[in-house]
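Engineer: Below: one structure in C-alpha cells.
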Amino acid sequence: MAPISIPRKPLKLIDRVSAINWNKLEDDKDLEVWDRLTGNFWLPEKVPVSNDIPSWQAMSEEEHTLTMRVFTGLTLLDTIQGTVGAVSLIPDALTPHEEAVYTNIAFMESVHAKSYSSIFSTLCSSEQIDAAFAWSEENEYLQKKAQIVLDYYEGDSPLKRKVASTLLESFLFYSGFYLPMYFSSHAKLTNTADVIRLIIRDEAVHGYYIGYKYQKGLELVGGEKREELREYTYDLLNELYDNEVEYTESLYDGVGLTEDVEKFLRYNGNKALMNLGYPALFPAEICDVNPAIIASLSPNADENHDFFSGSGSSYVMGKAEETDDEDWDF
Amino acid sequence: MSDPTIQSGTSTILAEREQSPAVPATSPAVVTVGHAATATATAERHAGAIVYFSSASENTARFVANCRLDELGIASYRIPLRPGDEPLAVREPYVLIVPTYGGGVVSKAVPPQVKRFLNDPDNRAWIRGVIASGNTNFGEAYAAAGRIVSAKCKVPLLFTFELMGTPGDVRKTRDGLARFFADNRQADDR
C-alpha cells in the first residue's frame, strides 16, 4: 500500500498576500492564541526521556510493540496535521493573523511528530522502529482515519475542513494518548508521558482555536447551511468513532484495555464537539473515564471540586496560586 | 458578623465557615446604610445570582444559558468583555462562574476582565462561591482560575467543568445552585 501521508491533490495557496500588521487586529482571539502557543513552545530534547530506559527495559515485549504502534499512529496524525491539515486551513483564514496562527500550529505538529522519533531513538532498536512504521502502513483502521481526514482537507468546503481538523486535534489523537497516561499512572515511562502531556496541552489550544474559527465561519452562512453542517459534524464524528473503536480493538484487545480506552474516546469526542460549539453527544454514564487516567492527565481534576455532589463536607479552599498582575493583589 | 465590604479572610472567619459551609460570612441584612435599600430589595427579588465571564468563544455563556437559571429565580450578570465597556457592579450575593485562561500558564489563569471586576471591593463583598471551567488537557492548570479566586476571596470552589459543560454538568450546577442559595437564605433569615 502506498504511504497515505502524501496529499493526492495539490493544496491551494492563498490568492493574495498583504504585509501582516499585528498592531491592527480584526479578531483579538488571534493574538490571544498566538501568545498562548508561542508561550507554550517546547522541544522534546528538553525532556529527559533517557531516564525512562530502565523502565522501558523492565516492560514486556507486548507492551513494547503496543507502545511503538500507538506512537507510530500518532506520528502519522501529527504528520498529516503538520504538512497538510493546518496548512490547508490557511487559504480559508478570515484574517492575516489567523493565517499566521496556522503556520505556528503546522510547525508545532511537526515538532510533535519529531518528538515520537526522538522517543523511539532513545528507547528502541532500529528493527523495532522499522517494524512499527511498517505496521502503520498496514493497519486498515489507521489508514482509514487518515483517508477520511485527508479527503476533507483536499475538499472544497472550508467549514468542513475545520470540523475535520478539530475532530483530529480533539478526538482522533486520544486512542493513542491513552497509553502513555495509563503507563504513567503505573509509574512506567513517566518522562515519555511528560512529552505527551506537552503535546496534549498544545492540541487543546489547537482544537479550541480551529473550533472557534469554525463558529465564526458559521455566523456567515444561512440557517439551512448551518443545520447541514451540524448534521455533518455529528455524522463525521460517528463515522470516525466507529473506526476508532475498531482501531482501539486492534491495538488494545491484547492487553485487555479496550473498554477503558473507549470511555476515554467518548469523553474526548464530547470535548471535540464542545470545541465546535455543539452539545456533547455521549451520555455521562459511558464517559466515566478511569480516574487514574484523568489524574494522570490533570492532577487537579478530582472530586474535591464537586461541592454540589456533597462529596466535600466542608469548603474546599484553594491553595495560594501565583498570579502576575499587580492589580490583582486587591 | 463582619462588615460586608471587608473580606478580612482571617483564620477565625475561615474556621467558622469550615464548620458551617452554607453560611455566608456576610448577610444583606447588615450592609451599610448607603447600600441597604438596593441590596435588600435585590436580595428579595432574586433567589440568588451568578456573575459570569465569557470570551468571544461563548463557551461559558452557553453553559449559563443551558442552566436556565432564570426559571429558578436566579439572576445572571455578565462581566463585560472590552476595557471600554461600563464596568459591572453587583450588590447582592452571587456565585462567580469563571473560565480558566492562559493555556496552561497558572499565573494568567484568571481573565483580566474578572480580575478587574473583583478588584472593586463592593463587588468582592458579595461573592459567595466560585465555579470554574477549564480543560484537563492543561494538566495542573485545569480550572486554576477557580482555585485562585477561591483562595483570594476565601469562598468555596463549588464545581468545575470542561469547556461549555456536558448535560450532566449543567444538571449538577442547576440543582447545586438552587440548594446553595436556598441554604444561604435560610442562614440569612436566622
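Engineer: Could you please find all residues in the range A:136-153 being buried (at least 16 other Cβ atoms within 10 Å of the Cβ) and part of a helix (DSSP H, G or I)?
Structural biologist: A:Ser136, A:Tyr141, A:Leu142, A:Gln143, A:Lys144, A:Lys145, A:Ala146, A:Ile148, A:Val149, A:Leu150, A:Tyr152, A:Tyr153
Engineer: Restricting to the range B:119-141, and then to whatever is within 17 Å of B:Phe53 (Cα to Cα) and out of contact with any Leu (no Cβ under 8 Å at 6 or more places or on another chain), can you tell me which residue is nearest to the other protein chains (Cβ to nearest Cβ)?
Structural biologist: The residue in question is B:Asn119.
Engineer: Identify the single condition in (1) modelled with pLDDT of 95 or more; (2) surrounded by fewer than 20 Cβ atoms within 10 Å (Cβ to Cβ); (3) not in a loop (DSSP other than H, G, I, E, B) that A:Phe282 does not satisfy, given that it satisfies every other one.
Structural biologist: The failed condition is (3).
Engineer: Okay, moving on. Can you name every residue in the range A:33-64 that is free of Cβ contacts under 8 Å to residues at least 12 places away in the same chain and surrounded by 12 or more Cβ atoms within 10 Å (Cβ to Cβ)?
Structural biologist: Matches in the range A:33-64: A:Asp35, A:Gly39.
Engineer: Mind telling me which of the residues B:Pro99, B:Pro93 ends up being buried (at least 24 other Cβ atoms within 10 Å of the Cβ), more than 9 Å from chain A (Cβ to nearest Cβ) and under 24 Å from A:Pro279 (Cα atoms)?
Structural biologist: So the residue among B:Pro99, B:Pro93 that is buried (at least 24 other Cβ atoms within 10 Å of the Cβ), more than 9 Å from chain A (Cβ to nearest Cβ) and under 24 Å from A:Pro279 (Cα atoms) is B:Pro99.
Engineer: Filter the range B:156-178 for residues that are aliphatic (A, V, I, L, M) and either within 18 Å of B:Ser76 (Cβ to Cβ) or touching a residue at least 40 places away in the same chain (Cβ under 8 Å) (or both) and give the result.
Structural biologist: Of everything in the range B:156-178, those that are aliphatic (A, V, I, L, M) and either within 18 Å of B:Ser76 (Cβ to Cβ) or touching a residue at least 40 places away in the same chain (Cβ under 8 Å) (or both) turn out to be B:Leu158, B:Leu163, B:Met164, B:Val170, B:Leu177, B:Ala178.
Engineer: To continue, here is another question. On the given criteria, is B:Ala144 under 19 Å from A:Ile294 (Cα atoms), crowded, with 24+ Cβ neighbours inside 10 Å, more than 7 Å from chain A (Cβ to nearest Cβ) and among the aliphatic types (A, V, I, L, M)?
Structural biologist: Considered against the rule, which asks whether it is under 19 Å from A:Ile294 (Cα atoms), crowded, with 24+ Cβ neighbours inside 10 Å, more than 7 Å from chain A (Cβ to nearest Cβ) and among the aliphatic types (A, V, I, L, M), B:Ala144 comes out as no.
Engineer: Next question, about the same structure. On the basis of being within 9 Å of chain A (Cβ to nearest Cβ), more than 12 Å from the chain's Cα centre (by Cα), touching a residue at least 40 places away in the same chain (Cβ under 8 Å) and buried (at least 23 other Cβ atoms within 10 Å of the Cβ), does B:Ala109 make the cut?
Structural biologist: In short, no.
Engineer: Do you know which residues across the range B:147-181 are more than 7 Å from chain A (Cβ to nearest Cβ), touching a Gly at 6+ places or on another chain (Cβ under 6 Å) and assigned to a helix (DSSP H, G or I)?
Structural biologist: B:Phe181
Engineer: Give the range A:207-224 a look and list any residue that's more than 10 Å from every other protein chain (Cβ to nearest Cβ), touching a residue at least 12 places away in the same chain (Cβ under 8 Å) and either out of contact with any helix residue (DSSP H, G or I) (no Cβ under 6 Å at 6 or more places or on another chain) or under 24 Å from B:Val105 (Cβ atoms) (or both), or say none.
Structural biologist: Within the range A:207-224, A:Ile210, A:Lys213, A:Val221 meet the criteria.
The values are calculated or read from the model by the stated rules, or taken from the named source; none is laboratory data. Just so you know, these numbers come straight off a predicted model, no measurement behind them. We place every Cβ from the backbone using ideal geometry, glycine too, and count neighbours over all the protein chains shown.
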